[in-house]
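Right, one structure below, let's go through it.
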Amino acid sequence: MKSFFGSFFAALLALFVFSIGGFMLLIGFAAAFSSDEAVTVPTNAVLVIDLNDNFTEKEVSDPFTELMNPGTGKIPSLTTMIGLIQHAKKDSNIKGIYIKCQQNSNGYASSEELRKALVDFKKSNKFIFAYGETISQKGYWVGNVANQIYTHPQGGLEFSGFSLETVFLKGMLDKLDVEMQVFYAGKFKSATEPFRYTKMSDANKQQTGVWLNGLYDHFINSVASARQIAPEKLKAMANEAKIQSAQDALSNGLVDGLIYDDQLKKIIAKKLKGIKENDIPFVSVKEYAKSVPLRGTGAGKIAVVYADGDIVMGKNVKDAIASDDFRMLLQKIRADESIDALVLRVNSPGGSALASDIIWREIELIKGKIPVIVSMGDVAASGGYYIASGADSIYADANTITGSIGVFTVIPNISGFMNNKLGISFDGVKTAPYADAPSATRPLNMMEQKMLQSGVDSIYHTFKSRVAKGRKKSMDYVDSIAQGRVWLGSDAINVGLVDRIGTLNDALASAAKMAKLKGYSIKQYPESKSFLEDLIEDYKDYVKVKSIESEIGANQWQIFQNLKTVQQMVGAPQARMPIFVVKQP
């Protein structure tokens, strides 16, 4: 026994020392890679933009990828990308841009911001080439801005129109004897339909058809402008399924040639003059970002707050807009006398109604001191619109999904499932009639149902009053455009939900003008973490996520994430967009 304990503790000590040693070695690697060395851009360089990279509101830093392959672990933010394209326009070392447009991981509003920046780049008379072995419709949205766009001879271009799909859970829940007790305000508030119906309601189909067709029209018009093809002819191509092969895409004028990768490099080399195709100095946006100091100048200072993700209660919630974190952040900005204006960049489908109101209040307090401008990203709807509604001015992209002014709450009743399927029942003692309300182990009684609906109606009234005050509209008018209805940015401007169609840069210019600034620098919030902080804090989540995703696959992982969102919808009043998938091959 003595020998056993001696061996056991010796092994335990060895494991401890190994773990500490491994961790210290990881720290050593982190220190080696954490310094961003400046990159010198060679002459005759070609900037490479891979649309498969998702340019989110804030820079994405993957410390583990960076450790394994230095220079590849950081993806620039959308704002940085726009700045890089603008800088490349004037950079004498950059002769052109090569867009990889096979896939496009960016949203429609983000894609449009990139497209506008590329259109502006073309004014420099520098070239843009785009290529994809197969080109998705969203990839084509941006790629068609190129002087020449090519695809693989055996590849092609997908050109079939847009569709949207919603998963309905009611049939499954009925089979499981699970009752979802739903309370909502707004006839278009469709987030709870998967619990109530087995298909889309007429009202939901109506509103979805409007904004989805609006999105499609923007896509068609961008192609029509770039390729000089009438919109009606483009829609006929999709309606009649005319684009089935690469040759079809070429014959109908959607691409400029069917070539291989090596042939594209010859075309680029010829454009550069005197450089062989194997010697083309391609520069990735990740490398270019290290060579370009994108900083504003001037005595003024504008705070840019990125509200990106679901709106939730609490603090330290990764990839979300947590009420405690944002309250402290906004209070810090309000107390900082050096900040002249605030630009709130919203990219959120909403979430907790209470958390939304907490953040709205802090923005109201700031607005009493300095100008507040909102810039909307891909989606700024429901709770995302709630926190934006009080701003002095609201900018949105034509393709932004916004509105969805409505509220709901969901209380599950699992007593049928537990009793009928598992043989489990519940009983207890309480000191007051509603001490256990709301309960998931029994159906709600009539009084409890009335209380919950009354609570939802009250929050909905408050939501509308916030919008009415911020947008300077009557309550009756706000009610007519609310009802949970989803609006596209290009339509939202017509009903007064937003003021202008524009980018984040447009919002910054407006903020500077309102604050009477001749020049300004930008301070971004939440503040970025160091490489080492990212490495240490993300280690556990990284290993967990990668392990699960590698086992079940990316699509199943996304379904799992959607189920987690459904879980967040239960039990507390929500101002949230519905969960759906827009299919654009």
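Just so you know, all these numbers are worked out from the coordinates, no wet-lab data involved. Computed from a prediction, not measured in an experiment: that's the story for all the values here. Note that we place each Cβ from the backbone using ideal geometry, even for glycine, and neighbour counts take in every protein chain shown.
A few remarks follow.
- Under the Karplus curve 6.51 cos²θ - 1.76 cosθ + 1.60, θ = phi - 60°, whole-Hz ³J(HN,Hα) for segment 196-209, x wherever Gly or Pro sits: 9, 10, 10, 7, 5, 6, 4, 5, 5, 4, 4, 5, 5, x
- Highest average packing first - 142-148, 487-493, Cβ atoms within 10 Å: 487-493, 142-148
- Cross-link reach list, lysines versus Lys187, counting only Cα pairs under 30 Å and skipping chain neighbours closer than eight places: Lys170, Lys175, Lys199, Lys205, Lys450, Lys464, Lys469, Lys472, Lys473, Lys564, Lys583
- Across segment 372-425, the convex hull enclosing all Cα atoms gives 119 Å³ per residue.
- Residues with amide H under 5 Å from that of Asn413, placed H, sequence gap 5 or more: Glu179, Met180, Gln181
- Eligible aspartates and glutamates near Lys233 by straight Cα distance, threshold 19 Å, same-chain separation 8 or greater: Glu158, Asp217, Asp248, Asp256
- Rg and Dmax over the alpha-carbon atoms of segment 139-242 stand at 19.5, 59 Å.
- Sorted by Cβ density within 10 Å, fewest first, the residues Thr462, Thr208, Thr400: Thr462, Thr208, Thr400
- With θ taken as phi - 60° and the Karplus curve 6.51 cos²θ - 1.76 cosθ + 1.60 applied, the whole-hertz 3J(HN,Hα) list for segment 86-103 is 5, 5, 4, 4, 9, 7, 5, 7, 8, 9, x, 10, 10, 9, 8, 10, 4, 10 Hz, x standing for glycine and proline.
- Separation in nanometres of the label points that stand 7 Å from Cα toward Cβ, at Val429 and Gln86: 7.0
- In segment 427-467, the trypsin sites (Lys or Arg not before Pro) that fall in loop regions by DSSP, at most 10 other Cβ within 10 Å: Lys430
- In this structure, the amide hydrogen of Asp50, modeled 1.01 Å from its nitrogen in the peptide plane, lies closer than 5 angstrom to those of Lys100, Val285, counting only residues at least 5 positions away or on a different chain.
- Exposure proxy shown here: for Arg345, Arg227, the number of other Cβ atoms within 10 Å sets the order, fewest to most, as Arg227, Arg345.
- Within segment 296-419: Cβ-based charge dipole about Cα centre, in debye rounded to nearest 20 (Lys, Arg +1; Asp, Glu -1): 200
- Extension reserve of the Ala299-Asn54 stretch, reckoned as 0.36 nm per residue once the Cα distance is removed: 84.9 nm
- In this structure, the amide hydrogen of Ile135, modeled 1.01 Å from its nitrogen in the peptide plane, lies closer than 5 angstrom to those of Gly156, Leu157, Glu158, counting only residues at least 5 positions away or on a different chain.
- Cα-centre dipole for segment 160-230 with unit charges at Cβ (Lys and Arg positive, Asp and Glu negative), debye to 20: 140
- Pairwise Cα distances in segment 116-189 exceed 20 Å in 59 percent of cases.
- Ranked Met577, Met451, criterion: other C-beta atoms within 10 Å, fewest first: Met451, Met577
- Measure of compaction for segment 338-405 (Cα Rg per 2.2 N^0.38 Å): 1.04
- Gain upon complete extension [Lys369, Lys170; 0.36 nm per residue less C-alpha separation]: 66.8 nm
- Gain on full extension, evaluated as 0.36 nm per residue between Arg227 and Ser163 minus their Cα-Cα distance, stands at 20.7 nm.
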